[in-house]
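Scroll down for the structure; my scribbles are underneath it.
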């Protein structure tokens, strides 16, 4: 995994100079500590910070085709590069390296813009076609790897992280309140928006193309392929066999590397399946996990069961509440967006532990919940739809009690509250976002802590309504579960999980995460299954359990699903007071400097949390959202873009 930067000039404007590329690359050393490279020509400049994983000796970038007319910088991996290379050689292309990067320039020569259709991988690509004076930016199908860009006048700058763009003095720095509002509603900003004015992110599954003398054009090349007509059921044995084959192949491809590949073991079903399939490849496997002092969050016994069954060389990192607080500002420096949970911090600390052991690559179980309907939200939505259309039935209320059993403050523990909470959107059952409205409504309460100036600026902005308006027309024709999964994939997965809990915190310590469940061929298979294969009654990920249950410890297959969580608001207070840096960041003087948050309301929230009167998800998310937004302003809007200290 790596970091890329570049600057292209429009209408004859200057491209990236060597000094501009160098200062941009300086901010991405954590993404690519092994080598730096740059290339400039009239109207274009490309730069690259390399984390060497494949072809350690000759895979440096920027990399060109035989005559140097096509140049590329690339962040990610093309897992099927060997197969693509063989086909390209058969068509007469000559290779100078053994890297997956070189496949890109030859595939582009052969297929033009359609070259991305052949890639099995996770990537952000910048490719320059000199004869056409064409720039192509491409992002992988589901958004595993980030890619940001900004147009200022007749120049476009692009980079793997926003902080690299902010090193250019001609790129302005200001908060985009709509991006902040999206983050405090959906848990992350939705592409193309970011929390910063004038900074866009290329959406997953999209290309940005700039032709000579033209304007940038963004087009979609892939989307989650849910069918509009319900698919026919297939024999269970046939489905299970195909799923095992597809996921096993996805794991095998992601074990390709010229360095050691390890795996994360959380103690849940998803990572256990991935680690098991990796171990069955017949080679030794090292595994890593995160442990917590607080038993509410710790999954150690389940991790131990998996490690014992697989016989892996295992290492665990212990995360304490003081560790969460101490590393939170550093996490924000890497994530570059408000967050409503502290969960990214332990994963960043885990990546630090992994890198200290000499490991650059880990397999993870990320994506299984989105692909195979694993969240309680999907079950909750099914019950709410039934209740909304059968108002006299007590069944939904009784069955809701089976959800959120892992939460001490679960709304289903109080029947009267549960009826009010889950019934508040019964009149919206026809909305495309119906399944997600309780979560988004609850999270968006954090918006009340914005300053009067910020709230006034957002008067005409409804994040949910805007999201619904820009969804493809085909989404309205999907089955309810498919629609819920589609929305989850395009909001929580790409906006938060793959960013804040994925790429950004792993690459903070030069660790590449690989996600077999998000192989687009696995996604296509799952989307083509009848809904009951993914969610059978209230049994989430039904087909995964059936297909892989015999390979896993019973302690894992029979446990109640528990999402990954970390200590939130409580981490930031000690002895009834906010930790000193928290008090400083949330002080009236600091907040008024940026006028994004209401200092009076924030002070009340801080006092409530400090006194132990904060209860439930809403207060936790509010504190996290407020603190991260304030930190974001301090880190990125000051006189220098730097980690908060």
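For the reader, a short list of remarks on this structure follows.
- Among (1) closer than 18 Å to residue 340 by Cα; (2) in a helix (DSSP H, G or I); (3) in contact (Cβ under 8 Å) with a residue 12 or more places away in the chain - the single one residue 556 does not satisfy: (1)
- Residues satisfying the stated conditions in segment 4-47, i.e. in contact with a helix residue (DSSP H, G or I) (Cβ under 7 Å, 6 or more places away or on another chain) and either crowded, with 21+ Cβ neighbours inside 10 Å or under 21 Å from residue 146 (Cα atoms) (or both): 5, 7, 24, 27, 28, 30, 31, 36, 38, 45, 47
- Sole exception among (1) under 19 Å from the mean Cα position of the chain (by Cα); (2) over 23 Å from residue 65 (Cα atoms); (3) part of a strand (DSSP E or B) for residue 143, by number: (3)
- Among the residues making up segment 537-557, those that are farther than 24 Å from residue 481 by Cβ and out of contact with any helix residue (DSSP H, G or I) (no Cβ under 7 Å at 6 or more places or on another chain) are 550, 554.
- Taken together, the residues in segment 563-580 that are part of a helix (DSSP H, G or I) and touching a helix residue (DSSP H, G or I) at 6+ places or on another chain (Cβ under 7 Å) amount to 4.
- Hits in segment 509-541 - residues which are crowded, with 19+ Cβ neighbours inside 10 Å and free of Cβ contacts under 8 Å to residues at least 12 places away in the same chain: none
Per-residue answers, yes or no, for (1) touching a helix residue (DSSP H, G or I) at 6+ places or on another chain (Cβ under 7 Å); (2) part of a helix (DSSP H, G or I):
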site	(1), (2)
233	no, no
237	no, yes
245	no, yes
253	no, yes
258	no, no
270	yes, yes
274	yes, yes
282	no, no
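- Evaluation of residue 597 against the conditions (1) more than 23 Å from residue 347 (Cβ to Cβ); (2) at pLDDT below 95; (3) buried (at least 19 other Cβ atoms within 10 Å of the Cβ); (4) in contact with a helix residue (DSSP H, G or I) (Cβ under 8 Å, 6 or more places away or on another chain) shows that the sole unmet condition is (2).
The values are calculated or read from the model by the stated rules, or taken from the named source; none is laboratory data. Fair warning: this is a prediction, and the values are worked out from it, not measured in the lab. So basically every Cβ, Gly included, is an ideal-geometry build from the backbone, and we count neighbours across all protein chains shown.
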